[in-house]
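Participant: Quick one: the structure is below, questions incoming.
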Amino acid sequence: MLNLLTIYIWLLTCAPGEELYEHYGHTALRVQDTEQHTDLCFNYGTFSFNTDNFYWKFVKGDTWYMLSVEPTLFFLEDYVEEKRPVYMQELNLTDTQKKQIADALMENYRPENCEYLYNFVEDNCSTRPFRLLKEVLGDSLKSTYKGHEGESFRKFIRRYTGEYTVIDALINMIFGARADKKMYGEDRLFLPEELMFYMQEVTLADGTKLIKKSDIAPFAIRKTRWWENCFLYIALFTVLMTLTSIYDRKRGKLSWGVDVTLGVVYALVLALTIFLTFFSIHPLVGFNWRLLVIPAIHLCTRLIYILR
């Protein structure tokens, strides 16, 4: 039988990493029992590249994640090796609440329950722990933290992808109108850093803070380096297309291979965007004017040849 006086539950928030899927950080729950000498980490962010047709399913949004459990020491080792800080917040819970959370985590870990359909902004490694805690704490789980209240999903996410990087530009090209919707309240909690600060400011019904003790800090967001700036590559593309058009004008012949190749690329990007908009379950994708930037530059530079 659990001695709940020796049980401690922590919210763990992991800083961003170098891989794209690590740019947003990570959230997990830690359950520590000092009497039984167990210290386990419950991680809703586990997935496998070995899944059949993984990349096709990823494009469709049909990506299944799972709850995994491992000793906290093992969980932390990877982050120490990658020099990624892990911030810890001990939750100030009653014995009943501790039991409810521990029981819910074990129930979620059952083979028939551990998998879930991942959704970046609605159901992920950050929203799952929050919803579990909300089920236990009910209406008392309210925070005074405003953070990025009122910002759009697009602007909020760009902070983590690196503003004006090539990845940022590509993501912005396939984000549709929904990405410009403003976030309020719990909309923001799909990102681990925002959840961490939100929980820090929760005051329970009896006036006590939800966070008993903590060691937290804002994420150190990596700055965009000059060679990563998308405008550099847009400028290079503009110069190359301008020089190509000047060369074609002087020789009186159009470089059809260049236009056909770029046309095929545009068609593939458009087809992908249409597929993501109508057939995938990715929540923020859709057509937007940013998709027309490169084709517009292409056309404008080709006017040098066309309007001779």
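Participant: Check the stretch 182-204 and report whether any residue there is assigned by TED's automatic domain parsing to the domain that holds TYR21, surrounded by fewer than 16 Cβ atoms within 10 Å (Cβ to Cβ), under 14 Å from LEU11 (Cβ atoms) and more than 14 Å from the chain's Cα centre (by Cα).
Facilitator: yes
Participant: If you don't mind, another one. Which of the residues that make up the stretch 121-158 are in a helix (DSSP H, G or I), out of contact with any Phe, Trp or Tyr (no Cβ under 9 Å at 6 or more places or on another chain) and among the charged types (D, E, K, R)?
Facilitator: ARG131, LYS134, GLU135, ASP139, LYS155
Participant: Got a number for residues in the stretch 51-95 being of a type in the set (S, T, N, Q), in contact (Cβ under 8 Å) with a residue 60 or more places away in the chain and surrounded by fewer than 17 Cβ atoms within 10 Å (Cβ to Cβ)?
Facilitator: Total meeting the criteria: 1.
Participant: Tell me, please, whether a residue that is more than 30 Å from PRO16 (Cα to Cα) and of a type outside the set (Val, Ile, Thr) can be found in the stretch 219-232.
Facilitator: Scanning the stretch 219-232, I find no residue that is more than 30 Å from PRO16 (Cα to Cα) and of a type outside the set (Val, Ile, Thr), so the answer is no.
Participant: When THR244 is evaluated against the numbered criteria (1) assigned to a helix (DSSP H, G or I); (2) touching a strand residue (DSSP E or B) at 6+ places or on another chain (Cβ under 8 Å), which criterion, by number, is the only one it fails?
Facilitator: (2)
Participant: Among the numbered criteria (1) in the same structural domain as TRP64 (by TED's automatic domain parsing); (2) over 27 Å from LEU268 (Cβ atoms), which single criterion is violated by LYS155?
Facilitator: (1)
Participant: Looking at SER152, is it among the hydroxyl-bearing types (Ser, Thr, Tyr) and closer than 29 Å to TYR233 by Cα?
Facilitator: Yes.
Participant: Another one. Give me the pairs, please: first residue somewhere in the stretch 287-308 and under 23 Å from LEU276 (Cβ atoms), second residue anywhere and of a type in the set (Ser, Thr, Tyr) and surrounded by fewer than 16 Cβ atoms within 10 Å (Cβ to Cβ), beta-carbon distance under 7 Å, and either six or more positions apart or on two chains.
Facilitator: PHE287/THR277; PRO295/TYR266
Participant: Any residue at all in the stretch 220-238 that is in contact with a Lys or Arg (Cβ under 9 Å, 6 or more places away or on another chain) and either part of a helix (DSSP H, G or I) or at pLDDT below 95 (or both)?
Facilitator: Yes, the stretch 220-238 has at least one match.
The values are calculated or read from the model by the stated rules, or taken from the named source; none is laboratory data. What you see is a predicted model, and the numbers here were worked out from it, not measured in a lab. All Cβ positions, even for glycine, are placed from backbone atoms using ideal geometry, and neighbour counts span all protein chains on display.
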